[in-house]
Amino acid sequence: MIQRFSNRQGYRAPAAEILVREDAPSRLRAAVPLIAEEAGLKPSAMRRVICRVLLVRPDPANWSEYPNISEEVAWLIDGARWHKVYDIIEALHAEIAAMQPWDSRPAQEFERRLNDFLLETGIGWELRDGQISRRGSEIFARSTHEVPDSLEDSGFQRAAKEMREALRDISRRPEPDITGALQHAMGALEGTAREVAGRPNLTLGKLVSLLDLPPPLDQAVHKLWGYASDRGRHIREQQVVDPTEAELVVAVAGALCGFLAQRQS
């Protein structure tokens, strides 16, 4: 695997502002086969994967890797709906991982290079463990993605499961499941609070006073619970929740879960 100057020296472009959500720009469509090729996939293997995702037949008249099949790969990706491009990315990653199951480096390099590209071009998605997930702010990423494993390691199994579901819902495409994300995020916080307080039957609203949280943090948790209950549990007709608001709730709930679990250990 080639190690470029920027990787050897530790240089990395700063993360661009997220400008793209529900789209797969032409630059991304052009980059995907280039990154896959560098990871070891030939155009014929890429075509097989892409045709399987799109449910189309390969062109039988194209038999040479270059330029025929390579151009067909580009044509297929260029013509795919935006969300199918991300399906193709996941499928290509799986194909690379299956090529040499004893060597994870090609799949890891594909993921790293793709994520660098998404970060630098302001595309709000990332490839994590072979799956495309919604990329939020750096604060969102730091306060959420490590939380499930941390909770699991601390023995908070139910809360870890709820937080993973919250992250899956907020990352769902083409539209995030806002209601599910709010419910699971608060379910993770409630589950953590129940374990910490030793009161498995109380709701979060009644648990806050038992958590020994310094004011006004205790009131902040009450208000977070109220917001999520209003928007997630008792959503009103025509009430719209901005995905960035849902990200904030998931991030804050994740941070609180981590704080309570760490203080308990």
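The values are calculated or read from the model by the stated rules, or taken from the named source; none is laboratory data. This structure is a prediction, so every number in the text was calculated from the model and none was measured. Neighbour counts are summed over all protein chains in view; Cβ atoms, including those assigned to glycine, are modelled from backbone coordinates with ideal geometry. Areas reflect the complete protein model, heavy atoms only, side chains present, ligands, DNA and RNA absent. Shrake-Rupley method; radii C 1.70, N 1.55, O 1.52, S 1.80 Å.
Do we find that residue 37 is at pLDDT 95 or above, open to solvent by 70 Å² or more (accessible area, probe 1.4 Å) and not in a loop (DSSP other than H, G, I, E, B) in this structure?
So residue 37 fits the description; yes.
It is to be established whether one or more residues within region 167-179 are part of a helix (DSSP H, G or I), out of contact with any Leu (no Cβ under 9 Å at 6 or more places or on another chain) and of a type in the set (Ser, Thr, Tyr).
Yes, that holds for at least one residue.
Of the residues 263, 231, 199, which single one is more than 19 Å from residue 150 (Cβ to Cβ) and at pLDDT below 90?
231
Any residue at all in region 9-18 that's closer than 21 Å to residue 125 by Cβ, modelled with pLDDT of 95 or more and surrounded by 13 or more Cβ atoms within 10 Å (Cβ to Cβ)?
No: zero hits.
Does residue 75 fit the bill of being within 17 Å of residue 26 (Cβ to Cβ) and at pLDDT 95 or above?
Yes; evaluated as a whole, the condition is true for this residue.
Quick check on my filter: what residues within region 242-251 are surrounded by 21 or more Cβ atoms within 10 Å (Cβ to Cβ) and of a type outside the set (Asp, Glu)?
Answer for region 242-251, where residues must be surrounded by 21 or more Cβ atoms within 10 Å (Cβ to Cβ) and of a type outside the set (Asp, Glu): 246, 249, 250, 251.
Would you mind finding the one in 247, 190, 175 that is modelled with pLDDT under 85, touching a helix residue (DSSP H, G or I) at 6+ places or on another chain (Cβ under 7 Å) and among the acidic types (Asp, Glu)?
247
Can you tell me which of 64, 6, 44 is at pLDDT below 95, of a type outside the set (Val, Ile, Thr) and open to solvent by less than 50 Å² (accessible area, probe 1.4 Å)?
Working: 64 fails: at pLDDT below 95; 44 fails: at pLDDT below 95.
After ruling out the rest, the residue left standing is 6.
Quick grid of which residues meet (1) hydroxyl-bearing (Ser, Thr, Tyr); (2) without any contact (Cβ under 8 Å) to a residue 24 or more places away in the chain; (3) crowded, with 20+ Cβ neighbours inside 10 Å; (4) in contact with a Lys or Arg (Cβ under 8 Å, 6 or more places away or on another chain):
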residue: 166; (1), (2), (3), (4): no, no, yes, no
residue: 186; (1), (2), (3), (4): no, no, yes, no
residue: 198; (1), (2), (3), (4): no, yes, no, no
residue: 203; (1), (2), (3), (4): yes, yes, no, no
residue: 210; (1), (2), (3), (4): no, yes, no, yes
